[in-house]
């Protein structure tokens with residue numbers, strides 16, 4: 001069975017992405033590596049790429065809503081990994097502005113899990129500053145993850161950039177992944 005290494009910034013990212021990818025583990029071994037924040041994530045991804053010679057996905061929060069800044073940052077990380085890739089498939093995914101934004105892409109799921117009604121202004125603010133706004137709403141999103149049912153997971157799995165990550169993992173199982181995938185994977189519009 002093939003292995004795909006997924007490097008994330010923190011434990012919470014692993015919990016959510018693990019849940020969103022768990023249905024793929026029948027055909028590929030997904031091994032998460034939790035970095036101690038953003039600064040150690042990309043060196044960890046490069047080390048895995050060079051030492052293990054197996055596909056790597058680097059998943060980071062963009063920590064910005066600025067498209068230009070996010071694209072520059074993504075390009076920088078892609079160049080960093082491409083330099084040592086030697087044909088090993090990899091992908092860089094920036095969650096913009098952060099992974100929590102996924103809950104505001106499908107606000108019905110967030111409303112259903114929390115019992116809180118979200119108006120359009122709530123959704124806009126949540127997309128712009130998801131961490132802050134979830135805290136303001138008193139929502140610990142990490143505690144919501146185990147409550148996600150299969151239908152909700154199916155909907156969240158289709159949201160970009162989760163769908164792109166799933167596609168990359170699927171391509172690995174089918175030997176279709178190239179050495180580098182350039183994708184505009186911003187969650188927000």
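The values are calculated or read from the model by the stated rules, or taken from the named source; none is laboratory data. Values in this document were obtained by computation on a predicted structure and should not be read as measured data. Don't worry about glycine lacking a Cβ; one is built from the backbone with ideal geometry, like all the others, and counts go over all protein chains shown.
Odds and ends about this structure:
- Among the residues listed as 109, 91, the single one being modelled with pLDDT of 95 or more and touching a strand residue (DSSP E or B) at 6+ places or on another chain (Cβ under 8 Å): 91
- When the residues of segment 40-88 are filtered to those that are touching a helix residue (DSSP H, G or I) at 6+ places or on another chain (Cβ under 7 Å) and part of a helix (DSSP H, G or I), the one that is surrounded by the fewest Cβ atoms within 10 Å (Cβ to Cβ) is 80.
- Selection of helices (runs of 4 or more DSSP H) fully inside segment 124-187 by the criterion of at least 2 residues being touching a strand residue (DSSP E or B) at 6+ places or on another chain (Cβ under 7 Å) and either buried (at least 18 other Cβ atoms within 10 Å of the Cβ) or modelled with pLDDT of 90 or more (or both) returns 162-173.
- Any hit, segment 17-30, residues being in a strand (DSSP E or B), in contact with a helix residue (DSSP H, G or I) (Cβ under 9 Å, 6 or more places away or on another chain), at pLDDT 95 or above and over 19 Å from residue 80 (Cα atoms): yes
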